[in-house]
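Reading through the C-alpha cells given below for one structure.
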Amino acid sequence: MSSLETEIPVPEATESPSTAEDKMAILSSSYQKRAEVYKKQIEVILAGDQLRQRLHNERIIKERPQSASAYANMVVANELVGWLVKNREAPDRETAVKIMQVFMSADLIHHARDDYKEFEDLMLLYRFRDDDGTLNVTEQISIALKSQRIFEKMMAEEDCILQVREENSVQYRRTFIGSQILDWLVDHEEVATRDDGEKLCRTMLQYGIIQHVSGKHQFSDSDMLFRFAINPRRRRKFIEVLECTSSEPRPDSPDSPFCLRKLSSDLPRIGFVVENEPVPIPPAVLKRSASGGASSYTVNKPLTQVILVPKRPVTVEELRTPGKMYILRTLSIMGDAVGWGFMARGTGPTYIHTLDPTGPAIVSGMKVCQFIKSVNGINCLHLDYHTIYKRIVAGPRLLIMEVLEPTEGSNCLVETRVPV
C-alpha cells in the first residue's frame, strides 16, 4: 500500500479551533461511535494489504495462464481458501470465504473479469486492486496510507517520539504529546505548517487512528497526551475482519462475542471471554468441546460445588497498596488452539470469574477471584473487562499476567454452594 499516494481530503469538521475552549472540547458520544466505525474500516484495509503481501511472499499470487492469455498477479479462489484454512486463519472453508467476501465488499479484491460480485470457493481467478492499479483511493484509504507511512517513519527513528507514557497512574503505549507531533510533522516535511498538522491529526482522530488517551478529547496543539489507537505493524489475524463488519451486539446477547461462548460463530474462537456486569452470576466450571473444526464452550450438567465469590466491592486503591491482604502472583499462560481458558468480569478492577478445568489458565495457577493487575506489562487495575479483552486478543499468544490473590485477611471472599 505504500506505493499509493494521494492528498487527503479534510472534512470541514477538522478545521482548526478558534478558542482554547474548542481545543479542549470533549468529543460527543456520536463522534466517538463514528470514529470507531471508521477505525474498523481502516483495520480491514490494513488486514487486506497484509494478506496481499503474504500471498505474494508465498507465491500464492502469481501469473496465471488462462486459455491463450496470461493474467498477472492472480490468485485462484479455492487455492486461497485452502491456504487460509491450512495456515489457521480460518477454522473452515466456509469461514474463509466469508473473510474474503469482506475484502471483496471493501473493494480491495475483485474477480479477474468482474463476472462475479461475490467471492466463490471455486477455481476462479481474483486479483487485488492494489496489484492492477484499479484501487479506488477513498478517504479512508488515503488517511490509512498517510498514517501508516508516518507511523513507520517514527518507529524507524532511534529517538522515537512514540513512547510508553503514564497519565493518572495508567501507562499507555505508542503515545505522543499534541505539540510534539506537530513539531515532528513540520520538521519531517509531512505538512507545511502547524495548522496543517493540526488538521491532519484531527482527521486521523476522526478516523480512529489516533485518540486522546482517555478517548474523550479532540486533538489540539497542547501538552495533552495522545496515542496511536491503531498499530499498523501488528500482524493481524484475518478472521478479525468478520468482527469489523458486524454491528456490535449487546454484551449479554447470544450473538455477542462477550457472552459465555457462542456455539456457532463467525467471530474468532478466542479462549478469553467476558460477561456483562449487572447480574452477579456465580462462577461456573466450563467444559471444552470441538466439532466441525471449530471449538466451543458448553456448561457442564448441574452439580453442587462450594466455590469462592466476592462478597464486597474491591477498589482500585485497595489493590494498589495490597499489603498482606493480597498475594501478588505472576502467571505465564500460553494459549492453545481454543484460547486461554478463562473468563473475567468487572468494571475496574476486573477479576477472574470462570475457569476451564482443562485450559492453559488453570494449569498455570490461575484461580477464580484473582484480580488482574497487569497483562504483558500494561497496568490493568483500572480497566474494565472489555478493554482487557481487546488488549489480550490483539497481543501475543503468550500472556504474562500479574494477578492479586485475596488472602483470608482481605475479608472480600465468601464461600457459597452453587450448581455449576
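The values are calculated or read from the model by the stated rules, or taken from the named source; none is laboratory data. Nothing here was measured: the structure is a model prediction, and the numbers come from that model. Reconstructed Cβ throughout: ideal geometry from the backbone, glycine too, with neighbour counts over all protein chains shown. Note: accessible area is taken over every heavy atom of the protein model, side chains too, but ligands, DNA and RNA are not part of it. Shrake-Rupley method; radii C 1.70, N 1.55, O 1.52, S 1.80 Å.
Some values worked out for this structure:
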item: Filtered GluC sites (Glu not before Pro), region 156-196: DSSP coil and at most 14 other beta carbons within 10 Å; result: GLU157, GLU158, GLU189
item: Nearest-20 debye value, region 114-156 charge dipole, Cβ charges on Lys, Arg, Asp, Glu; result: 460 debye
item: Exposure ranking of GLU402, GLU94, GLU43 by accessible area [1.4 Å probe, largest first]; result: GLU94, GLU402, GLU43
item: Unit charges at the beta carbon, dipole of region 178-219: most positive-side option, GLY178, HIS217, HIS188; result: HIS217
item: Principal axis dimensions, region 61-212 - Cα atoms, whole angstrom, descending; result: 59, 35, 28
item: Cα centroid of region 369-407 to Cα centroid of region 114-141, whole Å; result: 39 Å
item: Total charge dipole magnitude, region 183-228, about the Cα centre, Cβ charges on Lys, Arg, Asp, Glu only, Debye to nearest 20; result: 380 debye
item: Residue-level accessible surface for VAL363, protein heavy atoms, 1.4 Å, Å²; result: 120 Å²
item: Net charge, SER28 excluded, C-beta distance under 12 Å - Lys, Arg +1, Asp, Glu -1; result: +3
item: Mean Cβ count within 10 Å, highest first, over the residues of peptides 328-335, 212-219; result: 212-219, 328-335
item: Among the listed pairs LYS39/LYS216; LYS237/LYS367; LYS153/LYS237; LYS62/LYS146; LYS98/LYS237; LYS33/LYS237, those beyond 19 Å (Cα-Cα); result: LYS237/LYS367; LYS153/LYS237; LYS62/LYS146; LYS33/LYS237
item: Solvent-accessible area, 1.4 Å probe, carbon plus sulfur percent, for region 82-192; result: 44 percent
item: Relative contact order [Cα under 8 Å, 6+ residues apart], region 91-194, whole percent; result: 13 percent
item: Solvent-accessible area of VAL186 with every protein chain in place, 1.4 Å probe, in Å² to the nearest 10; result: 50 Å²
item: Charge context of HIS188, other residues only, Cβ under 14 angstrom, K/R +1, D/E -1; result: -4
